[in-house]
Every structure is written in C-alpha cells, then in structure tokens.
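Trainee: Starting off with a structure, shown below.
The values are calculated or read from the model by the stated rules, or taken from the named source; none is laboratory data. None of the values given here were measured: they were computed from a predicted structure. Counting neighbours? That spans all protein chains shown, and the Cβs are built from the backbone with ideal geometry, glycine included. Note: areas computed on protein heavy atoms with side chains; ligands, DNA, RNA excluded. Shrake-Rupley method; radii C 1.70, N 1.55, O 1.52, S 1.80 Å.
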Amino acid sequence: MSLALGAGASAAGAQECRLALVLGFDVSASVDAREYRLMMGGTAAALRDPAVRAALFAGVPVALAAYVWAGRREQAVVADWVVIERDTQLAEFADRLEGYPRPTGDPLGRWGGRTGVGAALAAGSRLLARAPVCDRQVIDLAGDGENNDGPDSLLLNGITVNALAVAGNMPLDEFGALDGVRLYYARRVIQGPGAFVIEAQGFGDFARAIRLKLLREVSPPLLGAL
C-alpha cells in the first residue's frame with residue numbers, strides 16, 4: 001500500500017467548483033475492526049442519503065477526496081479527487097469508502113498504534129494542494145482521541161478544518177472534562193472561517209453525526225445570507 005499522498009491521479013480539470021472537501025478518517029489502534037466498519041459504512045450511507053445527495057447537487061459542484069490516517073508516518077489515499085457532477089460518481093465514491101480495507105500493521109490488523117493529528121492535517125493539506133480549483137477548501141477530520149505522535153496541530157492558511165469527535169475513548173483529558181475529545185478538537189484542531197465540531201456518541205452514532213456534518217459542509221450558502 002502506498003502511503004504517499006502527493007502521488008496518484010492528477011487533479012480534475014478546471015470545472016467550476018464551490019468546495020473541495022477532503023475526508024480524513026482515524027484508523028489508529030483505538031479504532032477496532034468493528035468501529036472501522038461503522039465509520040466507513042456510516043460515511044457511505046450518509047453520502048447516499050437523499051438530503052445529502054440533494055445538497056451536493058444543488059448548484060455548482062463539490063469535489064471530494066478521502067484518506068485514512070494513524071501515526072505521523074501513516075496516511076493513505078482512500079479515494080482521490082472527483083468533482084461530483086453525476087449520481088454514478090457519488091455512488092462510486094461511497095462504494096470506494098465502504099469497501100476500502102483497513103490498513104494492516106500488527107497481528108490484530110491495526111495500522112500502527114499511535115495518533116498523529118498534526119500529521120493528518122498535513123496529509124489533508126497535501127491532498128488539497130492538488131485538488132480541483134474551488135471557491136473553498138475544507139478538511140473534515142474524524143477521530144476518537146488526542147494526538148500522541150508528532151505535533152498536535154498545524155496552522156493551515158486558507159483552509160477550514162472541521163472535526164467529527166467520536167466520544168468514548170477519552171475518560172479524562174487535560175482540560176478536566178469527561179470524554180474530552182470534543183473539547184480537544186475544538187481547542188486544538190479546528191480552524192478557519194466557520195469551523196465547527198460535531199460529536200458522535202460512539203461509533204454506533206457515526207452515521208448520524210457524519211450525515212449532519214456533511215449537510216452543514218456541502219449545502220450551498222443561502223443567497224443574501226449575512
């Protein structure tokens with residue numbers, strides 16, 4: 001498996017595009033095989049949801065890409081850039097996410113054991129550097145714990161970073177809050193205009209949370225909104 005996010009297919013041509021959205025999924029040791037299936041399958045289901053589909057096809061197209069990440073040297077592209085203009089493209093993207101095999105490392109099939117949040121942001125920015133030209137660039141980072149491998153954040157000029165924080169694996173954080181993953185992402189990770197965090201109450205709640213998150217990210221702005 002290639003881990004080089006700078007390689008791969010070239011960016012799509014110069015179509016009109018309102019948003020380049022890259023989805024980044026935590027596959028560190030805290031995410032087991034069942035949770036991985038819930039995360040990737042839940043995202044695929046959200047992309048197939050009628051409301052999300054309608055938002056994606058409302059007006060100027062959206063470009064999508066996705067990658068998985070764990071430690072600071074562990075990232076891989078799941079689905080490269082595609083400007084979503086047809087149902088078949090969206091269906092193929094969702095199928096790619098749902099069918100992507102979990103990267104393997106140790107005998108339990110876990111890809112490393114650490115969590116490199118800053119490196120994950122760097123990987124997302126490298127993907128965005130070769131994205132189609134769009135009005136906005138957003139990294140959508142999903143994870144269930146704090147950074148423990150390399151820098152815990154990265155300042156990205158011109159890029160918005162949103163987060164999906166999965167509760168359940170952080171009983172007490174440095175901010176003194178029970179299950180403080182949402183606070184961690186809010187204080188250390190999200191950035192840029194309109195950045196936000198949505199929390200999932202465990203991986204069983206991932207499909208609901210990612211659906212709400214995608215609706216917020218891909219819905220075109222209302223004309224005349226302040």
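Trainee: Suppose we filter 163, 129 for residues that are among the hydrophobic types (A, V, I, L, M, F, W, C), surrounded by fewer than 24 Cβ atoms within 10 Å (Cβ to Cβ) and either within 19 Å of residue 198 (Cα to Cα) or at pLDDT 95 or above (or both); which single one remains?
Mentor: Unique residue meeting the criteria: 129.
Trainee: Cβ-Cβ distance below 7 Å, separation of 6 or more or different chains: which pairs start in the range 89-116 with a residue that is under 14 Å from residue 28 (Cα atoms) and end on one that is of a type in the set (Asp, Glu) and at pLDDT 70 or above?
Mentor: 111/74; 112/74; 114/149; 115/26; 115/146; 115/149; 116/149
Trainee: Please go through (1) free of Cβ contacts under 8 Å to residues at least 60 places away in the same chain; (2) farther than 22 Å from residue 200 by Cα; (3) not in a strand (DSSP E or B) for residue 79 and return the number of the only condition it doesn't satisfy.
Mentor: Here residue 79 clears every test but (3).
Trainee: Within the range 46-54, is there a residue that is open to solvent by 30 Å² or more (accessible area, probe 1.4 Å), of a type outside the set (Lys, Arg), farther than 25 Å from residue 202 by Cα and not in a strand (DSSP E or B)?
Mentor: yes
Trainee: Just the residues that are outside any helix (DSSP H, G or I) and out of contact with any Phe, Trp or Tyr (no Cβ under 6 Å at 6 or more places or on another chain), please, taken from the range 200-223.
Mentor: Matches in the range 200-223: 201, 202, 219, 220, 221, 222, 223.
Trainee: Yes or no: residue 135 of a type in the set (Asp, Glu), in contact (Cβ under 8 Å) with a residue 60 or more places away in the chain and touching a Cys at 6+ places or on another chain (Cβ under 9 Å)?
Mentor: It is true that residue 135 is of a type in the set (Asp, Glu), in contact (Cβ under 8 Å) with a residue 60 or more places away in the chain and touching a Cys at 6+ places or on another chain (Cβ under 9 Å).
Trainee: Which residue pairs have Cβ atoms closer than 7 Å, lie 6 or more positions apart in sequence or on different chains, and pair a first residue in the range 201-220 that is touching a residue at least 12 places away in the same chain (Cβ under 8 Å) and among the aromatic types (Phe, Trp, Tyr) with a second residue that is in a helix (DSSP H, G or I) and surrounded by 22 or more Cβ atoms within 10 Å (Cβ to Cβ)?
Mentor: 203/39; 206/39; 206/42
Trainee: When the range 47-62 is examined, which residues are found to be modelled with pLDDT of 95 or more and either acidic (Asp, Glu) or over 21 Å from residue 212 (Cβ atoms) (or both)?
Mentor: Result: 49, 61.
Trainee: Next question. Quick check on my filter: what residues within the range 59-69 are without any contact (Cβ under 8 Å) to a residue 60 or more places away in the chain and under 15 Å from residue 140 (Cα atoms)?
Mentor: 64, 66, 68, 69
Trainee: Any residue at all in the range 75-96 that is in contact with a Ser or Thr (Cβ under 7 Å, 6 or more places away or on another chain), open to solvent by less than 20 Å² (accessible area, probe 1.4 Å) and modelled with pLDDT of 95 or more?
Mentor: For the range 75-96, residues in contact with a Ser or Thr (Cβ under 7 Å, 6 or more places away or on another chain), open to solvent by less than 20 Å² (accessible area, probe 1.4 Å) and modelled with pLDDT of 95 or more: absent.
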